[in-house]
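What follows is a single structure, written as structure tokens, with notes after it.
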Amino acid sequence: MRAWIEGQPVDQHEAVAAAARILREARTPLIGGLAGDVDAVRAAYRLAFHIGASLDCAGSDALYADLGALAAHGAMTTTWAEARNRADLLLIVGRKVGAHPLLAELVVAPAPLAGVVKRDVVGLDVEQANLPGQLALLRALAAGHLPSGSETTALEAVADRAKAARFGVAVYDPQELGEPAVGMLQGLIKDLNDKTRFSSLPLGVPAAARLALSVGSWTTGDAPRVGLGRGYPEHDPWRFDARRLMADGEADAVLWLNALANTEAAPTNLPCIALSGRPDGAQARIVIEVDVPGEAGAAVCFDERRATLTAIGTGTASRNAGAAEILDAIQAAIGEKGQASC
């Protein structure tokens with residue numbers, strides 16, 4: 001296992017001890033990224049409780065666009081696998097989701113349970129700023145609340161095809177739409193279900209964020225963006241937004257979990273410890289190499305096709321420690337520490 005302090009290679013135990021010193025002395029520590037398997041994220045929560053840290057995950061902007069709409073309006077969602085098996089119409093909302101590899105697979109795959117050889121695909125291809133308004137118009141047209149007109153001809157065609165579907169699925173990127181547009185889309189889907197069967201499939205929220213949501217929900221009762229500085233969980237999507245905390249100088253030390261090696265980079269403007277599956281000495285002040293879940297050893301991660309947690313990997317022993325092991329070692333090295341200030 002490799003480790004670095006200030007870009008210089010060091011022994012793993014030395015790096016763990018240095019990480020413990022930073023977190024022990026921090027008044028408002030932050031644990032971010034949360035890109036790992038279930039064991040790693042659970043260990044991150046244990047450490048956060050121990051030192052009174054706040055937590056946030058990579059990709060939480062996209063996650064909260066969906067969660068905000070769900071809390072305000074409710075949502076009807078399906079899984080990638082169910083859409084593949086049953087959908088006869090895909091309504092592609094926005095432009096960003098078109099580049100998602102799971103959408104490309106979905107478009108070309110037959111729907112065996114529905115007997116659909118080639119599914120219909122219709123797009124709502126408009127600029128991001130215009131999405132809420134266009135979705136509102138589409139919803140009104142689908143419900144028959146607007147008269148026909150030359151300006152709405154294209155949207156009327158989309159509405160007609162959506163109403164004619166046996167099982168339609170609206171596919172979108174939550175971060176591109178944002179909470180207001182996601183809420184309007186979910187309203188459209190509810191209206192369509194008065195006449196047919198329609199659902200939604202959000203793509204673009206990182207699998208690590210979905211995993212962090214699951215672990216956070218059963219650990220604290222809330223999604224990530226939670227603070228533990230008072231000794232109990234406080235959920236606040238604005239207050240505990242990791243990027244805002246770092247930009248505003250409210251966090252004075254960061255531990256960044258990036259075992260999956262394909263998510264947001266660790267911050268460089270604060271004393272930072274990075275646990276990385278693809279490390280180099282320049283990623284943070286202290287960098288410790290950890291296993292990439294599934295590459296060596298068994299792990300439980302989020303499966304985007306099944307939309308659930310699933311076991312991956314072969315169980316073969318690795319030369320590196322897992323992120324959970326390193327996080328527990330850092331917690332043990334910290335020893336007793338009072339709660340953080342806030």
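Structure values in brief
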read-out: Selected from Gly229, Gly59, Gly313 as most flexible by GNM, with the chain as the system and alpha-carbon contacts under 10 Å; value: Gly313
read-out: Distance between modelled label sites at Lys118 and Ala104, nm, 7 Å Cα→Cβ extension; value: 2.0
read-out: Within straight-line cross-link reach of Lys118, aspartates and glutamates at Cα separation under 12 Å, skipping those fewer than 8 residues along the same chain; value: Asp88
read-out: Percent of Cα pairs exceeding the 21 Å cut-off, where the set is segment 114-246; value: 54
read-out: The chain - percent of accessible surface contributed by carbon and sulfur, probe 1.4 Å; value: 50
read-out: Solvent-accessible surface ranking, highest first, for Arg210, Arg230, Arg319, Arg161 at 1.4 angstrom; value: Arg319, Arg230, Arg161, Arg210
read-out: Choice from Ala274, Ala114, Ala170 showing the highest fluctuation, given a GNM over the chain with Cα pairs closer than 10 Å; value: Ala114
read-out: Virtual spin-label span in nm between Arg24 and Thr308, 7 Å along Cα→Cβ; value: 4.4
read-out: Probe 1.4 Å, all protein chains present, accessible-area order of Lys163, Lys195, largest first; value: Lys195, Lys163
read-out: Residue with peak Gaussian network fluctuation, the chain [Cα springs, cutoff 10 Å], from Gly322, Gly231, Gly168; value: Gly231
read-out: Share, in percent, of DSSP beta bridges within the chain that are antiparallel, nearest 5; value: 30
read-out: Inter-label distance, nm, simple model (7 Å from Cα along the C-beta direction), Ala140/Ala265; value: 4.5
read-out: Expected 222 nm ellipticity per residue - DSSP helices of 4 or more, -39500 (n - 2.57), all of the chain, to 500; value: -12000 deg cm²/dmol
read-out: Segment 66-120-segment 1-19 distance, computed between alpha-carbon centres (Å); value: 45
read-out: Length gained when the stretch Trp238-Lys195 is fully extended (0.36 nm per residue, less Cα-Cα span); value: 11.6 nm
read-out: DSSP-loop GluC sites (Glu not before Pro) across segment 32-138, with at most 13 other Cβ within 10 angstrom; value: Glu127
read-out: Computed accessible area, Val122, all protein chains, 1.4 angstrom probe, square angstrom; value: 10
read-out: Cα-based equivalent ellipsoid of segment 272-317: semi-axis lengths in Å, sorted from largest, via gyration tensor; value: 26, 13, 7
read-out: Normalised contact order of segment 218-306, rounded percent, pairs of Cα under 8 Å and 6 or more residues apart; value: 16
read-out: Rg to Rh quotient for the chain, alpha carbon positions, Kirkwood Rh; value: 1.05
read-out: Over the chain, relative contact order from alpha-carbon pairs under 8 Å, at least 6 apart, %; value: 29
read-out: Contact order relative to length of segment 1-75, as percent, for alpha carbon pairs under 8 angstrom and 6 or more apart; value: 22
read-out: Solvent exposure of the chain as accessible area per residue, Å², 1.4 Å probe; value: 43
read-out: With DNA, RNA and ligands ignored, accessible area of Leu113 (1.4 Å probe; Å², nearest 10); value: 110
read-out: Amide H within-cut-off set for Val121, under 5 Å, with H built and near neighbours excluded; value: Leu90
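The values are calculated or read from the model by the stated rules, or taken from the named source; none is laboratory data. Please read these numbers as outputs of a predicted model, since none were measured by experiment. Glycine gets a Cβ as well: all are built from the backbone with ideal geometry, and neighbour counts include every protein chain shown. In case anyone asks, the SASA skips ligands and DNA or RNA and just uses the protein heavy atoms, side chains included. Shrake-Rupley method; radii C 1.70, N 1.55, O 1.52, S 1.80 Å.
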